[in-house]
Amino acid sequence: MYSNIVKFKELHIPKKILDGIKAAGFSECTPVQALTLPEALKGKDVAGQAQTGTGKTAAFLIAVFSRMLKMPPPERGPSPRALIIAPTRELVVQIEAEAKLLGEPAGFKILSVFGGVDYLKQRDQLSRQVDILIGTPGRLIDYLKQKVYSLKKTQFLVIDEADRMFDMGFISDLRFLLRRMSPYNKRQSMLFSATLSNRVMELCYEHMNMPEKFSVTPEKITVEQIEQEIYHVGLSEKFGLLLGILRREQGGRYLIFCNTKAEAERLEVLLSANGISTAAITGDLHQKKRMKVLAHFKDGTLPVLAATDVASRGLHIDGVTHVINYDLPQDPEDYVHRIGRTARAGAGGRAISLACENYVHSLESIEDYIKQKIPVMNITEEMIVTEYQRRAVRSRTRGARPRSKSFGQGSTKFTSKSGTSGRGIDKQGQRGKQRKNTFKKQSGRLEKKR
């Protein structure tokens, strides 16, 4: 494990970037930064492996910005100087925010592109030329095919969360982009990932120029500050146990992972119906709503977020006190990425897993992967809530949907049966009377005419 303390001012970093680092509140390098920055600042290609939340994003941004200030820009044209590729929209947004903070004193023009938001607006911004382009593979390819920009003269390439690119089926898209870039010996490339598997290293050797490989604490896959525990619970008592945990340990910020979209949405409804303000984030959630939900979760006005694995990477949120695996993941790597959402930046955190009969079979492979046994916790009858609202209460008005308070105003409130039971019916009755009166008037006019 790397233990030497390295300060940013000791490295060959331009003053403007040091000003950005100071504005971000950084002074000392994290282990992955201390290992990779000296080589990356020399212009060497780098492949870095480290746990989530250890400063990988700042590592490649500081290196790229520093090199951009020292190197002359290419001839003016449609190619961004740097391309950063990430697998998820959330990660792209996070990288852009950190890039603007670190690069503001240098005056770099930074743009992010991803699906789910205004397509034409992003296209127009990209056509005006940018210094740093950050995006997901799909949207980057769309604009590249339309010749909105080019990669022929791009000087720097960063691939973030490379192993996730494979997991999400983006590897063919990634290769499409790489084949349209300048040759590997005419650009500097950096690849960062939580794991450097054989398939990731194959990508490095194919599209990078003899990269220096760095691994930080590979013998310890999970962060030591995370307090892990597991409950073996029957499927029928699973939600009752979850509700008991949330009620017993109030005041935290909870990220709850489910294996399916349907289960995440079900938890949103059930927890909200039982007085716990909750929102669900899944793969098909509209981007504007997704960003709004994440903003409320980040500022603490939304205490509980239910998510599928689309959110297990790219969610860089400080202050997540608990990660709960409502469903044990079937892929051991997903377990590591999920629980890595807590205990960030040296803080502590808890990872609680509920092992039911549907998913307990993956426990053995998870423990083999993390090279440790997850402590098993005893369950008492008092821990399981048995009396709870089992569905969202709907009004008697046909077609009515449950209404909720805005974020930060307490728990989500559903329309009760007694609250509006007559309103919809009264309106329908009034409309019926109006139609009858209109019909009588029209009939009277017809009789007079006759």
May I ask which residue of Ile85, Met168, Leu144 lies farthest towards the positive end of the charge dipole of the range 85-175, with charges of +1 (Lys, Arg) and -1 (Asp, Glu) on Cβ and the Cα centre as origin? Leu144
Report, largest value first, the span of the C-alpha coordinates of the range 226-383 along each principal axis, in whole Å. 39, 32, 29
Set the Förster radius R0 to 45 Å, insert the Cβ-Cβ distance between Lys292 and Ile5 as r into 1/(1 + (r/R0)^6), and round the FRET efficiency to 0.05. 0.65
Let me know the Kirkwood hydrodynamic radius for the range 30-155, please, with Cα pairs as the basis and the value in Å to one decimal. 15.2 Å
With +1 on the Cβ of every Lys and Arg and -1 on the Cβ of every Asp and Glu, and nothing else charged, how large is the dipole of the range 8-62 about its Cα centre, in debye rounded to the nearest 20? 160 debye
Which ordering of Arg89, Arg128, Arg247 is given by a fewest-first count of other beta-carbon atoms within 10 Å? Arg128, Arg247, Arg89
If R0 = 35 Å, then Lys145 and Asp299, at their Cβ-Cβ distance, give a FRET efficiency to the nearest 0.05 of 0.40
In what order do Tyr254, Tyr335, Tyr359 fall by count of nearby beta-carbon atoms within 10 Å, going from fewest to most? Tyr359, Tyr254, Tyr335
Relative contact order (percent, whole number), the range 8-215, Cα cutoff 8 Å, 6+ residue spacing: 29 percent
What's the whole-number percent of alpha carbon pairs in the range 137-215 lying beyond 17 angstrom? 44 percent
So which aspartates and glutamates can Lys9 reach, going by Cα to Cα under 17 Å and dropping same-chain residues fewer than 8 places off? Asp19, Glu28, Glu39
Rough spin-label spacing in nm, given labels placed 7 Å along Cα→Cβ, for Asn378 and Gln225: 3.1 nm
For the range 1-75 the mean separation of alpha carbon contacts under 8 Å (6+ apart) over residue count, i.e. relative contact order in percent, is 32 percent
Using R₀ = 25 Å, calculate the FRET efficiency as 1/(1 + (r/R₀)^6) where r is the Cβ-Cβ separation of Gln129 and Asp19; round to 0.05. 0.50
The range 254-276 to the range 77-154: how many Å between their Cα centroids? 33 Å
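Each value in this text was obtained by applying a stated rule to the coordinates, not by laboratory testing. Quantities reported herein were computed from a predicted structural model and do not represent experimental measurements. As a convention, Cβ positions derive from the backbone with ideal geometry for all residues, glycine included, and neighbour counts pool all protein chains shown.
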